[in-house]
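In what follows, a structure is listed as structure tokens, so that the remarks can point back to it.
Values quoted throughout were computed directly from the atomic coordinates according to the rules given, and no laboratory measurement underlies them. The structure displayed is predicted, hence computed values, not measured ones. Here the Cβ is made from the backbone with ideal geometry for all residues, glycine too, and neighbour counts use every protein chain on show.
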Amino acid sequence: MQVTHGKRGTSRPGMRGSYQVAISPTDTFPYTNCLAVHPSDFPQELAHVLIVENYPLTVRYVKSNHAVHDLSISRHDKDGKLRKGFVGVSLSQRQWIGIEIGAQVTVEVLPDPPDPDAPSLIQAIEIEVDFLKPGYESLEEYSLYDMAMAFVDVFKTIQMTKGQPIVFMYRKEKLKGSIKSMTLVDEPPPARENTGIIFTETKATFSKSTKSTMKTKRSSLNRRHSHRRLTISNLQSSTNIICSQFQAREPGNRWSRH
């Protein structure tokens, strides 16, 4: 692995390194939609990065008994193994980026909020969903509204981008999604106008793929909550919380999410 340090425009010093592509370290790690990294290669977990210069992801350390929340239960895998100098990239991520196992790729760390060059927060996001397994059928009916709300709760602080394929679990079902559009809170740099970070006030809208066999139903939740407003006060509060969390992090420490 080769690492260099430098500035991105007016931003604080960043980190850019060259890593070898490996498979995801555990069966459930792909459901984080993050890039698996070795802790000694990155000074902090949940850093937002660009892989191969144009593909935004969020990095996550590989830990013993890594837990992945599927929006209803937690599963634990055997110890994941990822050597220093390697990054774990899932199958859907490799297909999206256009890389293969063993390839050498660059990973550049982006600045944290409130840096003006940092990724913006996502105000609204539209995702088309389907079962992960082709042709799979289930007798259960799903509320797309409930699914969207749970999705935001699980993936807040994670960076996503328009056109990105994602995988996740909902009520023990393995699902896939395609990000169709997003609206950002702040105007981003032109190179990242379709990329942002999910946060508590992100409004997610889910739709079923046209070829999906998924059965849907109306939400059991009170519909008056279906359109949360991004008022100046709660938006400012959420932004301040995220910024304070970034500023409080020390190299080598985990970012405590609230």
Checklist outcome for this item: Per its Cα gyration tensor (rounded if a/c is under 1.5, else prolate when a/b beats b/c, else oblate), the range 75-155 is best filed as oblate
Checklist entry - Cβ under 12 Å from Ile127's Cβ, Ile127 left aside: what net charge do those residues give with Lys, Arg +1 and Asp, Glu -1? => result +2
Checklist entry - What does the charge count near Val105 come to, summing +1 for each Lys or Arg and -1 for each Asp or Glu among other residues with Cβ under 12 Å from its Cβ? => result -1
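In debye, nearest 20, what is the charge dipole magnitude of the range 120-222 about its Cα centre with +1 on Lys and Arg Cβ and -1 on Asp and Glu Cβ, if you could check? If you can, show how the numbers build up before the last one.
Working: 15 positive and 13 negative charges, 72 e Å.
The calculation lands at about 340 debye.
Between their Cα atoms, which of Lys156/Lys176; Lys156/Lys217; Lys81/Lys162; Lys133/Lys208 are more than 22 Å away from each other? Could you put the intermediate results ahead of the total?
Details: Lys156/Lys176 18 Å; Lys156/Lys217 25 Å; Lys81/Lys162 30 Å; Lys133/Lys208 15 Å.
Beyond 22 Å: Lys156/Lys217; Lys81/Lys162.
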Item to check | Charge dipole (debye, nearest 20) of the range 144-186; +1 at Cβ of Lys and Arg, -1 at Cβ of Asp and Glu | outcome: 220 debye
Checklist outcome for this item: Taking 0.36 nm per residue of separation between Asp153 and Glu137 and subtracting their Cα-Cα distance, the length gained on full extension comes to 3.1 nm
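With a ≥ b ≥ c taken as the square roots of the eigenvalues of the C-alpha gyration tensor of the range 120-222, please select rounded if a/c is under 1.5 and otherwise prolate if a/b is larger than b/c or oblate if it is not? Please list the in-between numbers first.
Working: a/c = 2.37, a/b = 1.71, b/c = 1.39.
Prolate, because a/c is 1.5 or more and a/b exceeds b/c.
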